[in-house]
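Structure, as structure tokens:
The values are calculated or read from the model by the stated rules, or taken from the named source; none is laboratory data. Small disclaimer: the values here were computed from a predicted structure and weren't measured. Every residue, glycine among them, receives a Cβ derived from its backbone with ideal geometry; neighbour counts consider all protein chains shown.
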Amino acid sequence: RVTLMVDVVHVRIIYFCRETFMVASSILRAIPHSGWAAVVAFTVMSTTVHGQAVLFSDTFDTDSTANWTVNSYVGGTTASGGSAVNSSDFFFDYSTAGIPAAPNSTGGSTRGLKLQANISGTGPTAGLPPGISVSPTGQSFTGDYLLRFDWWTNFIGGTTGGIGNAAGGSGSTQLSTFGILSSGTVANSVGSADGVFYGATPDGGSASDYRAYSVTAQSGYATGTTGVNGQNVYAAGSQNNTNAYYATPFPGGKTAPLIQQSGFPLTQTGTTVVGTPSFQWNDVLIEKNGPAITWTVNGTLLATTNTTSFATATKGNNILFGQADTSNGAGTPAATFQAVDFTVIDNVRVSAVPEPSSIALVAAIAAGMLPIVRRWRRPSA
């Protein structure tokens, strides 16, 4: 039965590859035999990756507010739902802010999740900074899985230099946040975490622009291995956007959408500095493999967190997205800040990681195709 199953899969893959290769035969004839094996293996492995079981997805093309739990963090406590300080919009048409459709959107859709923090114009006078996080209601993801989504971060620029001002604008140094292993009912923000989450400033206005937090490091992990910091490694060896490592995923030189430039010329002109993720779509991948969690953006690994030595267990198996301020000071002028300082999340997808045995089987099938490919290429007499 096992032989029959493999033969059936083998035939289906051969048919798929045969049809694909025939279309491009004029190009593929030039590839040497060893190259064909690589092409076949890549095609089969890609099919396997894209065939991962989808555990959860939301494109926000329809209003899914009722399917999400909102946790607002104000004054050091979590309150369910939004507030005048923090806000969320699960059906935000981001084209109204001049933002193009996300790379993984279909049909040019421009609906997404919008998140904002500390937007009231008068920030708290004491306590931890405000923030907000949202989680799909009642979800629980176990085993190994991938969380992938499109991410855009927008911020208010300075009155001098606009979005090219390395210090940012009034109140602009906030964090876009995203993570896993949360209960889904507690706000994950600066100083508050019940899972593992990551964050990035939009403007490069902090000494720690790229950050990791967890239930055992609620104020965030620093670089180095002292104490709890040994649970997390920043791939750059630095958290600051000026480190050359961050230039690869975030080359800078981006401009705010034209509608923002014309509507708010005092702050939204200029170009972003190198190493900052703003005003561009970013492909984010958070992967859980056993106790190891990795955070990758635009194909570049940013951080790895290991939960093995957590003194306090994470509180759930849900995912989260958020926006968190890094200080209590509110952005001003309030109307401008509310219009241009936010995070957008789109095309959320949670997929199961294939078992190693499944990957090995596909690789074996791919390797077994080499003789067949060679027969296809045999020159006529």
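Right, Ala30: hydrophobic (A, V, I, L, M, F, W, C), surrounded by fewer than 16 Cβ atoms within 10 Å (Cβ to Cβ) and modelled with pLDDT of 80 or more or not?
On the way: hydrophobic (A, V, I, L, M, F, W, C): yes; surrounded by fewer than 16 Cβ atoms within 10 Å (Cβ to Cβ): yes; modelled with pLDDT of 80 or more: no.
Answer is no for this residue.
Going by what's in this entry, would Gly237 be described as at pLDDT 95 or above and crowded, with 20+ Cβ neighbours inside 10 Å? Before the answer, list the steps.
Details: at pLDDT 95 or above: yes; crowded, with 20+ Cβ neighbours inside 10 Å: no.
So Gly237 does not fit the description; no.
Of the numbered conditions (1) farther than 18 Å from Thr336 by Cβ; (2) modelled with pLDDT under 95, Thr110 satisfies every one except a single condition; which is it?
(2)
Yes/no matrix, rows are residues, columns are (1) among the small types (Gly, Ala, Ser); (2) touching a helix residue (DSSP H, G or I) at 6+ places or on another chain (Cβ under 7 Å); (3) over 16 Å from Thr314 (Cα atoms):
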{"position": "Leu146", "(1), (2), (3)": "no, no, yes"}
{"position": "Ile163", "(1), (2), (3)": "no, no, yes"}
{"position": "Gly169", "(1), (2), (3)": "yes, no, yes"}
{"position": "Thr177", "(1), (2), (3)": "no, no, yes"}
{"position": "Ser183", "(1), (2), (3)": "yes, no, no"}
{"position": "Tyr198", "(1), (2), (3)": "no, no, no"}
{"position": "Ser206", "(1), (2), (3)": "yes, no, yes"}
{"position": "Ser219", "(1), (2), (3)": "yes, no, no"}
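Kindly indicate the residue of region 152-180 that is at positive phi and part of a loop (DSSP other than H, G, I, E, B) and also surrounded by the fewest Cβ atoms within 10 Å (Cβ to Cβ) among those meeting that condition.
Gly161
Looking only at residues that are surrounded by fewer than 24 Cβ atoms within 10 Å (Cβ to Cβ) and without any contact (Cβ under 8 Å) to a residue 60 or more places away in the chain in region 201-213, which one is farthest from Asp346 (Cα to Cα)? If you could, list the steps in order and put the result at the bottom.
Within region 201-213, the subset surrounded by fewer than 24 Cβ atoms within 10 Å (Cβ to Cβ) is 205-208.
So of that shortlist, the ones also without any contact (Cβ under 8 Å) to a residue 60 or more places away in the chain come out as 205, 207-208.
Working: Gly205: 25, Ala207: 28, Ser208: 25 Å.
This residue is Ala207.
Which of the numbered conditions does Ser135 fail, given that it passes all the others? Conditions: (1) over 20 Å from the mean Cα position of the chain (by Cα); (2) modelled with pLDDT of 95 or more.
(1)
Does any residue in region 177-200 that is of a type in the set (D, E, K, R) come within less than 6 Å, Cβ to Cβ, of a residue that is not in a strand (DSSP E or B) six or more places away or on a different chain, and which pairs are these?
Sorted first by the residue in region 177-200, then by its partner, the pairs are Asp194/Ser183; Asp194/Val186; Asp194/Val215; Asp194/Lys315.
Do you know which of the residues in region 132-151 that are polar (S, T, N, Q) and either surrounded by 24 or more Cβ atoms within 10 Å (Cβ to Cβ) or without any contact (Cβ under 8 Å) to a residue 24 or more places away in the chain (or both) is farthest from Tyr210 (Cα to Cα)? Before you say what the answer is, go through the steps one by one.
Step one: list which residues in region 132-151 are polar (S, T, N, Q), which gives 133, 135, 137, 139-140, 142.
Those still in the list that are either surrounded by 24 or more Cβ atoms within 10 Å (Cβ to Cβ) or without any contact (Cβ under 8 Å) to a residue 24 or more places away in the chain (or both) too: 133, 135.
Values: Ser133: 18, Ser135: 22 Å.
Of everything passing the filter in region 132-151, Ser135 is farthest from Tyr210 (Cα to Cα).
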